[in-house]
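For reference, the structure is listed below as structure tokens.
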Amino acid sequence: MKEIVLKLKEIDIKTKEIVKKYKEIIISILLLLIIPSICSYILGYTYSAHVVKNIPTVIVDHDNSSLSENFVSQINTNEVFKVMNYSDSDNDVKNLMDNGNVVVGIIIPQEFSKDLLAGKAPKIMILYDGAQMSAVSAAKTRIAEILGTIKASYLIKVGEGKLGLMPEVVKDNVIPIQSNAILVGNPTRSTANFIIQGMLIGIAQTGIVVLGVLMVKEAENCLLLLIKSIGFGIIGAISILLPLGIQFKCFGMPYKGSFMAAVALTMLFSITTINLGILLKLIKKSKLAAVNTTTKIMSATVLLSGYTFPLMSMPDAFKNVSKFIPFLYYGIPMRDLSLLGLSFDDILPQLRYLAQYMVFTWIAILVVIVIKRVLKSNYFKEEILNKVIHRRNRDESSKIHS
């Protein structure tokens, strides 16, 4: 019994020593696995509706005709809008918007119906809060659809009444070209499906690169560093796949593509990101300086990769820079795998690029280590030589004085 107690104490002491020695890395790993998953739940609940709904709206109807009331009714019954106020004053729209109480303001002019019947093309004024573009985008799309329906209905009635044509004939002349809009991959127009993946990968990416910085010791063996980059890269891949899995299982985010393709992409991206952290730590002497540099660089990569703002619309200089950003070959293909249902073969070009990037970073790490060792060796040689020369000079000086 005493032997068991002694062994348990010995294990406890050794465990405490290991924890104390590798405290930074252990804490970083725990945070890397926990924080992205917590963020996944928070973002999942925030975007649980998947589409923007209940946008605060104010309506000013100066016409009060059956036509304007029909328009107001369609706005009021549409799930995208939540009419907070009906007013008689145009100034109320601006005041409510300035105070942040509404996002959309609709002003229907006097004699709207009368001018429309007279062919004067009256205008409805619609004001949007430009500080909330996600809500504005959803509101503009729905208002355009509602106005399009009302316009078509009005023209059909005019054709039937004034020209005495059959409804089918009027419809074909009023709407000579018809179209069906289909959003491939995201038919529900879900903001969550489009943006959450990138946000979660960006959060995990920062933690992974910091882990790469912290895992480097002063005198590092090249082979051991290679093994560690793969091992910690696997942990980084788990920190990405776990929160994404939460989104797919718990919050209904679609995943239509190859699972193996996602795992392969994530592994290569994670190891490459770890390597970038290692490389910056080898170049920078201070861990704090390396962490600050890496986090700033990683924060910019999501923007420059074209994930949030289309790469095609960026200046050529940014397009050229984006070619060297790993996130470009990971974040966007992952989104396409989820929404478009790509196969493993479809993302082979991105896999090849990330594999090349991984190998390149390994070579860069090896080169930096060799250079540092050569410089360190020369430094010690110079130190030894200086000490020898200094000692000889001191001996010769003592002989002269004697």
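The values are calculated or read from the model by the stated rules, or taken from the named source; none is laboratory data. All figures in this text were calculated on a predicted structure; none of them were measured in a lab. We place every Cβ from the backbone using ideal geometry, glycine too, and count neighbours over all the protein chains shown. Just the protein is used for accessible areas: all its heavy atoms, side chains included, with ligands, DNA and RNA removed. Shrake-Rupley method; radii C 1.70, N 1.55, O 1.52, S 1.80 Å.
The table that follows gives values for the structure above.
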read-out: Helices (runs of 4 or more DSSP H) contained entirely in the range 58-150, each with at least 1 residues that are of a type in the set (A, V, I, L, M, F, W, C) and in contact with a His (Cβ under 9 Å, 6 or more places away or on another chain); value: 112-117
read-out: Residues of the range 270-319 that turn out to be among the charged types (D, E, K, R) and over 27 Å from Ser28 (Cβ atoms), as a count; value: 2
read-out: Tally, over the range 255-267, of residues that are open to solvent by less than 30 Å² (accessible area, probe 1.4 Å) and either without any contact (Cβ under 8 Å) to a residue 24 or more places away in the chain or of a type outside the set (Gly, Ala, Ser) (or both); value: 2
read-out: Single residue of the range 127-149 satisfying the filter (among the β-branched types (Val, Ile, Thr) and surrounded by fewer than 16 Cβ atoms within 10 Å (Cβ to Cβ)) that is modelled with the highest pLDDT; value: Thr141
read-out: Filtered residues of the range 293-313 (kept if surrounded by fewer than 17 Cβ atoms within 10 Å (Cβ to Cβ) and closer than 16 Å to Gly198 by Cβ); value: Ser299, Ala300, Leu303, Thr308, Phe309, Pro310, Leu311
read-out: Qualifying residues in the range 22-64 (those that are among the hydroxyl-bearing types (Ser, Thr, Tyr) and surrounded by 14 or more Cβ atoms within 10 Å (Cβ to Cβ)) - the one farthest from Ser89 (Cα to Cα); value: Tyr22
read-out: Residues of the range 221-247 satisfying the condition of being farther than 30 Å from Leu366 by Cα and either charged (D, E, K, R) or free of Cβ contacts under 8 Å to residues at least 24 places away in the same chain (or both); value: Gly245
read-out: Test: residue in the range 324-344 that is open to solvent by 70 Å² or more (accessible area, probe 1.4 Å), over 25 Å from Leu211 (Cα atoms) and touching a helix residue (DSSP H, G or I) at 6+ places or on another chain (Cβ under 9 Å); value: yes
read-out: Flag for Ala289 being exposed (fewer than 14 other Cβ atoms within 10 Å of the Cβ) and either part of a helix (DSSP H, G or I) or among the polar types (S, T, N, Q) (or both); value: no
read-out: Residue in the range 72-95 that is under 27 Å from Ser190 (Cβ atoms), of a type in the set (Val, Ile, Thr) and open to solvent by 60 Å² or more (accessible area, probe 1.4 Å) present; value: yes
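For every residue, the table says whether it meets (1) modelled with pLDDT of 90 or more; (2) basic (Lys, Arg).
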| site | (1), (2) |
| --- | --- |
| Val5 | no, no |
| Ile11 | no, no |
| Lys14 | no, yes |
| Ile26 | no, no |
| Ile42 | no, no |
| Ala49 | no, no |
| Lys53 | no, yes |
| Val58 | yes, no |
| Val80 | no, no |
